[in-house]
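**Q** My structure is below; once you've seen it, I'll send some questions.
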Amino acid sequence: MRKKIVAGNWKMNNNKRETAELIQALKPLNFSTDVRVMIAPAFTHLVQAEELTQVGRIEVLAQNMNASESGAFTGEISAGMLHSIGINKVILGHSERRAYYNETDVALKQKVETALTHDMEVVFCFGEELDQRKAGTHFEVVQTQLETALFDLSASQWSKIILAYEPVWAIGTGETASPDQAQEMHAFIRGLIASKYIQEVSDGVSILYGGSVKPANASSIFSQADVDGGLIGGAALNADDFTAIIQSA
Ligand code: PEP
């Protein structure tokens, strides 16, 4: 049975004090033990976040990492560096990284492999853009993204992969995929994995939905059979909203 997951992507928000305040405002006692709760603060606050969440049930993940082990990559952070501060989870392939930093699925495949080498869990983001949805090519687009970045993994490596289907047109726009649209895509993704691997892999992988999830729409999306929770952007920056979304999972 897959456990629900609610992950907050804080992006480039919150200074050190604000990060501590937001973590302290989340009340883990209000979270069901059936839900994994994760937050992704900025790199500069990961150590503090790790310390502040140690007594709670909140897991801390990084928002990105470099594919290389070390070297002349000014401004970059490696998997080994994250591991050395106790961070063993990372978001890869967020649409903002794809759009602003030209991250391709080929490059992401390498990042995923590096993360897995360090035994990290990966929240892998993907999803179609608005014109692709309008043209009806969204299934093809998602299939290519997954096949390119992930389908060379072994079946056992999938235990470290969490998928996050995030239609780009729904991220930060206030426009959400309908519960039916989310379910349709998640079922398609599960089918793709089942046809490439064995059913057990497909049944075991958590598929999160991301894109303007708010307290008001979370439960209708999370109650879909193939939706295992959400990756939350804007609403994760407000402790009450994020708590309400976790409680909807
Ligand atoms: C995101 O950035 O991953 C995201 C889902 O953002 P929002 O919830 O603000 O749409």
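The values are calculated or read from the model by the stated rules, or taken from the named source; none is laboratory data. Computed from a predicted model, the values in this text were never measured in an experiment. Here the Cβ is made from the backbone with ideal geometry for all residues, glycine too, and neighbour counts use every protein chain on show. The protein model used for the area step is the full one, side chains on, heavy atoms only, and it has no ligands, DNA or RNA in it. Shrake-Rupley method; radii C 1.70, N 1.55, O 1.52, S 1.80 Å.
**Q** Scanning for something surrounded by fewer than 18 Cβ atoms within 10 Å (Cβ to Cβ), within 25 Å of Glu21 (Cα to Cα) and within 16 Å of the ligand (Cβ to nearest atom), does region 79-95 turn up at least one residue?
**A** Within region 79-95, not a single residue is surrounded by fewer than 18 Cβ atoms within 10 Å (Cβ to Cβ), within 25 Å of Glu21 (Cα to Cα) and within 16 Å of the ligand (Cβ to nearest atom).
**Q** Please name all residue pairs, on different chains or six or more residues apart, with Cβ atoms under 8 Å, provided the first residue is in region 197-212 and is within 11 Å of Ala155 (Cα to Cα) and the second residue is among the polar types (S, T, N, Q).
**A** Note: pairs meeting the criteria are Gly204/Ser159.
**Q** How about region 1-19: which of its residues are surrounded by 15 or more Cβ atoms within 10 Å (Cβ to Cβ), more than 11 Å from the ligand (Cβ to nearest atom) and not polar (S, T, N, Q)?
**A** Selection gives Lys4, Ile5, Val6.
**Q** Let me ask you something else. Could you list, in sequence order, the residues of region 145-181 that are of a type in the set (Ser, Thr, Tyr) and either more than 11 Å from the ligand (Cβ to nearest atom) or at pLDDT 95 or above (or both)?
**A** Taking region 145-181 and keeping what is of a type in the set (Ser, Thr, Tyr), we get 148, 154, 156, 159, 165, 173, 176, 178.
Result: Thr148, Ser154, Ser156, Ser159, Tyr165, Ser178.
**Q** Moving on. Residue check, Phe124 against (1) closer than 26 Å to Ala182 by Cα; (2) without any contact (Cβ under 8 Å) to a residue 60 or more places away in the chain; (3) out of contact with any Gly (no Cβ under 9 Å at 6 or more places or on another chain); (4) not in a helix (DSSP H, G or I), all met but one. Which one?
**A** Result: Phe124 passes all but (3).
**Q** OK, next. Please specify each residue of region 20-32 satisfying the condition of being within 29 Å of Met1 (Cα to Cα) and open to solvent by less than 50 Å² (accessible area, probe 1.4 Å).
**A** Taking region 20-32 first, the residues within 29 Å of Met1 (Cα to Cα) are 23, 26-32.
Answer for region 20-32, where residues must be within 29 Å of Met1 (Cα to Cα) and open to solvent by less than 50 Å² (accessible area, probe 1.4 Å): Ile23, Leu26, Pro28, Phe31.
**Q** I would also like to ask the following. Please enumerate the residues belonging to region 44-61 that are among the β-branched types (Val, Ile, Thr) and under 17 Å from Ile77 (Cα atoms). If you could, list the steps in order and put the result at the bottom.
**A** Step one: filter region 44-61 for residues among the β-branched types (Val, Ile, Thr), giving 44, 47, 53, 55, 58, 60.
Correct list: Thr44, Val47, Val60.
**Q** A follow-up question, please. When you look at Thr44, is it without any contact (Cβ under 8 Å) to a residue 40 or more places away in the chain and open to solvent by 50 Å² or more (accessible area, probe 1.4 Å), yes or no? Write out each step before concluding.
**A** Details: without any contact (Cβ under 8 Å) to a residue 40 or more places away in the chain: yes; open to solvent by 50 Å² or more (accessible area, probe 1.4 Å): yes.
So Thr44 passes the test.
**Q** Scan Val35, Val55 and give me the residue that is among the β-branched types (Val, Ile, Thr) and exposed (fewer than 13 other Cβ atoms within 10 Å of the Cβ). Working first, answer last.
**A** On the way: Val35 fails: exposed (fewer than 13 other Cβ atoms within 10 Å of the Cβ).
The match here is Val55.
**Q** Could you list, in sequence order, the residues of region 110-130 that are more than 16 Å from Pro167 (Cα to Cα) and open to solvent by 50 Å² or more (accessible area, probe 1.4 Å)?
**A** Once the filter is applied, which keeps residues that are more than 16 Å from Pro167 (Cα to Cα) and open to solvent by 50 Å² or more (accessible area, probe 1.4 Å), region 110-130 yields Gln110, Glu113, Thr117, Asp119.
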